[in-house]
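Beneath this line is the structure, given in structure tokens, with notes to follow.
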């Protein structure tokens, strides 16, 4: 009786896929960087405390401050929009400092030697870090905004009940559902429009040894100043300003009513047709490729 042995080929790629290295790389970023999920809740706490101590209540189409000789009047949905803006700004600031430290910090503390010993490619690592400001932090900010809006609405209802005001009117006035949908859509726009910004910060983090913020800001500002002084033009500055501010303008349109208080309408076609979007995505891909190459080549600091 002859016994034959069959050699079973190794299935390393399949086993590696089952371990989900990208997912665990993202989880690693969450474990090591608490600002990813704490910046937005901290900003929300400040907003809620402000609303609580300010005794802000919603009545009809205005918000009234019960203290003082004259009530302060504003559109009913404006406090919720203001709270969302504060949370978004806090998340953006946290995202900037996260990107600047994402690849630099692991070289400075030499933990990169340990992470490189694991079966996780530089491509996976850098893409996981890029997903944090582009996907994870916007999702955290959106969830925080929804919870904050509900808390503020509860405060409004409580103050209104204490003053004997009509609760159904207050409950139906703030367009929370539209605000949430617009924010979710806006976060998608910003993630795409700001992709070259986050990628540039990651590239600087992978290249510089120290003073990452200075190296990230100085080159574009130097180009803008040189152009202004040498040619008396400001094209570079216009490009930088458009990259930071014009994404939402392209993706939203003014309501037909012409009401300046009404929320804008989502309009993705001008955004998708903008050359700036696709040029920015191409630059983001180039910056990420550079960050991946530098992580593979650069030595610990």
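The values are calculated or read from the model by the stated rules, or taken from the named source; none is laboratory data. The model shown is predicted, which means the values in this text are computed figures rather than measured ones. Don't worry about glycine lacking a Cβ; one is built from the backbone with ideal geometry, like all the others, and counts go over all protein chains shown.
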message: If residue 295 satisfies all but one of (1) surrounded by fewer than 16 Cβ atoms within 10 Å (Cβ to Cβ); (2) assigned to a helix (DSSP H, G or I); (3) more than 17 Å from the chain's Cα centre (by Cα); (4) touching a residue at least 60 places away in the same chain (Cβ under 8 Å), what's the number of the condition it fails?
response: (1)
- prompt: Of 140, 132, 88, 120, which residue is farther than 22 Å from residue 41 by Cβ and buried (at least 18 other Cβ atoms within 10 Å of the Cβ)?
  reply: 120
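Residues are listed down the side, and each one gets a yes or a no for (1) more than 25 Å from the chain's Cα centre (by Cα); (2) free of Cβ contacts under 8 Å to residues at least 40 places away in the same chain; (3) over 30 Å from residue 292 (Cα atoms); (4) in a loop (DSSP other than H, G, I, E, B):
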residue: 132; (1), (2), (3), (4): no, no, no, no
residue: 184; (1), (2), (3), (4): no, no, no, no
residue: 187; (1), (2), (3), (4): no, no, no, no
residue: 205; (1), (2), (3), (4): no, no, no, no
residue: 215; (1), (2), (3), (4): no, yes, no, no
residue: 233; (1), (2), (3), (4): yes, yes, yes, yes
residue: 241; (1), (2), (3), (4): no, yes, no, no
residue: 248; (1), (2), (3), (4): no, no, no, no
message: Name the single residue that is modelled with the highest pLDDT among those in region 156-173 being surrounded by 16 or more Cβ atoms within 10 Å (Cβ to Cβ) and under 30 Å from residue 189 (Cβ atoms).
response: 156
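Residues are listed down the side, and each one gets a yes or a no for (1) in contact with a helix residue (DSSP H, G or I) (Cβ under 7 Å, 6 or more places away or on another chain); (2) surrounded by 15 or more Cβ atoms within 10 Å (Cβ to Cβ); (3) at pLDDT below 90:
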position: 3; (1), (2), (3): no, no, yes
position: 21; (1), (2), (3): yes, yes, yes
position: 30; (1), (2), (3): yes, no, no
position: 54; (1), (2), (3): no, yes, yes
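Results for (1) surrounded by 15 or more Cβ atoms within 10 Å (Cβ to Cβ); (2) at pLDDT 90 or above, shown as yes or no for each residue.
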residue: 209; (1), (2): no, no
residue: 214; (1), (2): no, yes
residue: 224; (1), (2): yes, yes
residue: 232; (1), (2): no, no
